[in-house]
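To start, the structure itself, in structure tokens.
The values are calculated or read from the model by the stated rules, or taken from the named source; none is laboratory data. Not measured: the values here are computed from a predicted model. Cβ placement follows ideal geometry from the backbone for every residue including glycine, while neighbour counts extend to all protein chains displayed. Side chains included, ligands, DNA and RNA excluded: accessible areas come from the protein's heavy atoms. Shrake-Rupley method; radii C 1.70, N 1.55, O 1.52, S 1.80 Å.
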Amino acid sequence: MKQLKFIVAGIIFGIIMSKSEAVSWYRIQEMFRFQSIHMYGIMGTAVGIGVIAIYLIKKYRLKDHSGAPIKFVEKEKGWKRYLYGGIIFGLGWALTGACPGPMFVLIGHGYLAILLVVAGALLGTFSYGIIKDKLPH
Amino acid sequence: MIELISEPWPWYFSGLMIAIIMITLIYFGKSFGFSSNLRIICAACGAGKKYEFFNFNWKAQKWNLLFLVGAILGGVLSATVFSTDEPLRLSASTIRDLEELNIHFDGKLNPEQLFGIEFLFSIKGFLVLLAGGFMVGFGTRWAGGCTSGHGISGLSNLQMPSLIAVIGFFAGGLIMTHLLFPLIF
């Protein structure tokens, strides 16, 4: 039952993604064509508030719900994996209009074809796991 | 209340809500990053027996899978209880550009033309959807995160690697949209 809060958070996330229309293939196209502020506004606002929130959490050394100090994991340094992996991700994002979260939200909307996109994403992740040592990071 | 939620949300409210989700997960001692679920599912299916990358204690990440289940349910609720008849307000120039690619705007979230049964069971449709998904899954793991992990969590924590990843996301998206779409569609 302690885990129930994560389902609730997920439900709210699914509604946010739907009602913001961030799950929309059309909106992603609009974004990559620079024809509306919509998606940039969403991400800009989220990151803007996020930066301030994390700054305050660090500054006041806030604790989480269990009383443990909140720690942030630094990303590994480097650029190759981020740039190359990022570009591959972007190609798929524009084509399917879905990043990992929205993919699953769209299942809930009843778009059957998205199941194939999810299968592809699992296959992609699995393939990365097999050949990762041969890729530059 | 239901009516208020059902209407399409303005971007600034949507952005605020996404930040609140991230902060909520931080408060619960977790980190907002959705694509980890793809790796967790592979591990839960037993990929860890043969491949080291999937050999980790995925059960400790069960919370993220529950978050995923919630996301699906959130989609269901949005399409039923909180549904709206109002067509999506896509910009006129996007509608025109897509029309040139013979993709017709139907006012829904996703075009039936690309996400309907007919396209799914065509050879082209099958390949487009599978390859598109594959690139998302492969790329996100190589880059170590997706739009949530790098785009929201990473940038909020001022991580340079996340900025590089987001630049990559956009470079890939622009190449697909402007160079490859005319060849594919």
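So here's what we get for this one:
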item	result
For A:33-40, mean number of other protein chain Cβ atoms within 10 Å	5
Lysine pairs meeting the criterion (Cα under 29 Å, 8 or more apart or interchain), as found in the stretch B:47-155	5
The protein assembly as shown: C-alpha gyration tensor shape, a/c 1.5 cut-off, then a/b vs b/c	rounded
Chain B: relative contact order in percent, alpha carbon pairs under 8 Å with at least 6 residues between	25 percent
Span-like helix ranges in chain B, DSSP H, alpha carbon extent 18 angstrom or more, Kyte mean at least 1.0	B:11-27, B:62-79, B:123-143, B:160-174
Label-zone membership for the stretch B:71-94, site residue B:2, 7 angstrom Cα→C-beta point, backbone N under 11 Å	B:80-83
DSSP H segments from chain A that extend 30 Å or more along their own axis, Cα-based, with Kyte-Doolittle mean of -0.5 or above	A:38-59
Protein accessible area in the stretch B:116-185, 1.4 Å probe - carbon and sulfur %	83 percent
Peptides ranked, highest mean first, by Cβ atoms within 10 Å: ranges B:139-150, A:117-128	B:139-150, A:117-128
Per-residue mean of C-beta atoms belonging to partner chains within 10 Å, peptide B:109-122	5
Cross-link partners of residue A:77 among lysines (Cα-Cα below 20 Å; sequence separation of 8 or more within a chain)	A:132, A:134
Binned Cα-Cα distances of the stretch B:1-144, short to long, each 5 Å bin given as a whole percent	2, 7, 10, 14, 17, 18, 15, 9, 5, 2, 0
Anisotropy class of chain A from Cα gyration tensor, a/c 1.5 cut	rounded
Other protein chain Cβ atoms within 10 Å, averaged over every residue that makes up B:3-16	6
The stretch A:9-137: relative contact order as a whole-number percent, Cα under 8 Å and 6+ apart	30 percent
Theoretical ellipticity at 222 nm over the protein assembly as shown - DSSP helices of four or more residues, -39500 (n - 2.57) apiece, nearest 500	-19000 deg cm²/dmol
Packing rank of A:11-24, A:30-43, where each peptide gets the mean count of other beta carbons within 10 Å, highest leading	A:11-24, A:30-43
20 Å Cα-Cα reach of residue B:30 towards aspartates and glutamates, excluding residues that sit fewer than 8 places from it in its own chain	A:64, A:74, A:76
Where B:85, A:133, B:106, A:64 fall by accessible area, highest first, once all protein chains stay in place (1.4 Å)	B:85, A:133, B:106, A:64
